[in-house]
Amino acid sequence: MSARQIWKTTRFDLDLSERPLVMGIVNVTPDSFSDGGLHDDPARAIDFCERLLGEDVDILDLGAESTRPGAPKVSADEEWHRLEPVLRAALSLGVPVSVDTSKTEVMRRALDLGVDIINDVMALRDEGAEALLAGHGSAGICLMHMRGDPTTMQQQALYTDVVAEVRDFLQQRLDSLAAHGVAFDRITLDPGYGFAKTAEQNIALQQRQAELLSLGRPLLVGWSRKSTLGAITGRAVDERLSASVAAALATVAQGARVVRVHDVAATVDALKVWQAFVRPTA
Ligand code: HH2
């Protein structure tokens with residue numbers, strides 16, 4: 001059995017060594033790539049959070065700005081307006097809550113309400129974000145790799161060695177946070193599937209995941225419904241459930257400890273079976 005790996009967050013110390021955790025996606029947006037408009041009314045979003053709880057979700061990840069390729073930017077005020085009522089309700093449900101944002105101002109407001117984790121597809125590169133998280137002292141952090149921003153990122157999918165370059169980027173982000181005094185046990189890393197990467201590059205990253213694990217922090221991985229799964233299977237975005245579950249199992253089998261998914265019930269079941277089969281018997 002490997003050493004216990006704890007992800008420290010504001011209210012919860014999450015044990016990632018016992019079993020992989022499932023982070024359920026709640027997009028409070030009109031335009032997300034697979035579920036835009038489904039939960040952009042606060043009451044529906046809160047109902048959806050409660051439904052995910054019934055499906056044994058481990059972490060709720062609330063996002064109020066789409067990051068799909070070409071997505072328009074929204075202001076911090078608009079993002080917060082969408083997020084706040086859902087975040088307030090989610091924080092009373094007894095599970096860790098993360099906010100998926102890249103804006104320091106939105107992070108500040110979420111941290112003031114007591115959010116457990118900041119999940120940032122820009123890896124805390126907005127001005128003041130690192131200092132904010134360093135000053136907070138306990139919120140969990142997910143640092144994801146991407147280049148550019150969602151409006152331009154797919155033009156920047158040019159790498160000599162995508163795995164080495166993603167690894168170097170994440171190492172630099174870890175170094176920068178260490179320089180700010182952020183403890184590593186608050187941090188997970190994410191290769192950023194679909195962000196400034198082609199299907200071939202995404203697949204290479206998954207195949208060589210061990211090279212990212214060598215950074216020494218747990219990996220949080222988001223394959224759910226992404227276009228690379230469509231490229232592999234020929235399936236449209238609303239037909240990628242089986243592919244998404246297979247991707248979640250594969251990434252966990254290769255060492256990832258948190259999977260970020262839309263389809264919580266199916267993923268939880270699949271991971272329970274996988275876990276039962278791989279757990280060493282007495
Ligand atoms: N993917 C998306 C958004 N946030 N965060 C992390 N850590 N990892 C990911 O892979 C990731 C993420 C994109 O998916 P989704 O939230 O469903 O879509 P949209 O950005 O269009 O709302």
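The values are calculated or read from the model by the stated rules, or taken from the named source; none is laboratory data. Computed from a predicted structure; not experimentally measured. Here the Cβ positions follow ideal geometry from the backbone for every residue, glycine too, while neighbour counts run over all protein chains shown. Surface areas here come from the heavy atoms of the whole protein model, side chains and all, with no ligands, DNA or RNA. Shrake-Rupley method; radii C 1.70, N 1.55, O 1.52, S 1.80 Å.
Counting just the residues of the stretch 56-69 that are farther than 20 Å from D116 by Cβ and of a type outside the set (K, R), which one comes out least open to solvent (accessible area, probe 1.4 Å)? Steps first, please.
Step one: list which residues in the stretch 56-69 are farther than 20 Å from D116 by Cβ, which gives 66-69.
Narrowing further to those that are of a type outside the set (K, R): 66-67, 69.
Numbers: S66: 10, T67: 37, P69: 77 Å².
Among those residues, the one meeting the criterion is S66.
If we scan the stretch 149-157, do we find a residue that is at pLDDT 95 or above, on the phi < 0 side of the Ramachandran plot and either assigned to a loop (DSSP other than H, G, I, E, B) or among the basic types (K, R) (or both)? Can you show your working first?
Initially, the stretch 149-157 is screened for residues at pLDDT 95 or above, giving none.
Within the stretch 149-157 (the criterion being at pLDDT 95 or above, on the phi < 0 side of the Ramachandran plot and either assigned to a loop (DSSP other than H, G, I, E, B) or among the basic types (K, R) (or both)), the answer is no, since none of the residues qualifies.
Here's the yes/no breakdown for (1) free of Cβ contacts under 8 Å to residues at least 40 places away in the same chain; (2) assigned to a loop (DSSP other than H, G, I, E, B); (3) in contact with a strand residue (DSSP E or B) (Cβ under 7 Å, 6 or more places away or on another chain):
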position: L62; (1), (2), (3): yes, no, yes
position: L83; (1), (2), (3): no, no, yes
position: V99; (1), (2), (3): yes, no, yes
position: N119; (1), (2), (3): no, no, yes
position: L124; (1), (2), (3): no, yes, yes
position: L133; (1), (2), (3): no, no, yes
position: L143; (1), (2), (3): no, no, yes
position: Y159; (1), (2), (3): no, yes, no
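Report yes if D47 is out of contact with any His (no Cβ under 7 Å at 6 or more places or on another chain) and assigned to a loop (DSSP other than H, G, I, E, B), otherwise no.
Working: out of contact with any His (no Cβ under 7 Å at 6 or more places or on another chain): yes; assigned to a loop (DSSP other than H, G, I, E, B): no.
Answer is no for this residue.
Based on this model, can you work out whether V99 counts as within 14 Å of the ligand (Cβ to nearest atom) and either surrounded by 24 or more Cβ atoms within 10 Å (Cβ to Cβ) or at pLDDT 95 or above (or both)? Talk me through it step by step, then tell me what you get.
On the way: within 14 Å of the ligand (Cβ to nearest atom): yes; either surrounded by 24 or more Cβ atoms within 10 Å (Cβ to Cβ) or at pLDDT 95 or above (or both): yes.
Considered against the rule, which asks whether it is within 14 Å of the ligand (Cβ to nearest atom) and either surrounded by 24 or more Cβ atoms within 10 Å (Cβ to Cβ) or at pLDDT 95 or above (or both), V99 comes out as yes.
Which of (1) over 14 Å from the mean Cα position of the chain (by Cα); (2) in a helix (DSSP H, G or I); (3) within 16 Å of the ligand (Cβ to nearest atom) is the odd one out, the single condition K272 does not satisfy?
With respect to (1) over 14 Å from the mean Cα position of the chain (by Cα); (2) in a helix (DSSP H, G or I); (3) within 16 Å of the ligand (Cβ to nearest atom), K272 is out only on (3).
Residue check: is R225 closer than 27 Å to F12 by Cα, within 16 Å of the chain's Cα centre (by Cα) and either open to solvent by 10 Å² or more (accessible area, probe 1.4 Å) or at pLDDT below 95 (or both)?
Numbers: closer than 27 Å to F12 by Cα: no; within 16 Å of the chain's Cα centre (by Cα): yes; either open to solvent by 10 Å² or more (accessible area, probe 1.4 Å) or at pLDDT below 95 (or both): yes.
So R225 fails the test.
If you take the residues in the stretch 25-55 that are within 11 Å of the ligand (Cβ to nearest atom) and open to solvent by less than 10 Å² (accessible area, probe 1.4 Å), which one is modelled with the lowest pLDDT?
In this case the residue turns out to be D35.
Consider the stretch 105-124. How many of its residues are open to solvent by 10 Å² or more (accessible area, probe 1.4 Å) and farther than 19 Å from R260 by Cα?
Counting residues in the stretch 105-124 that are open to solvent by 10 Å² or more (accessible area, probe 1.4 Å) and farther than 19 Å from R260 by Cα gives 7.
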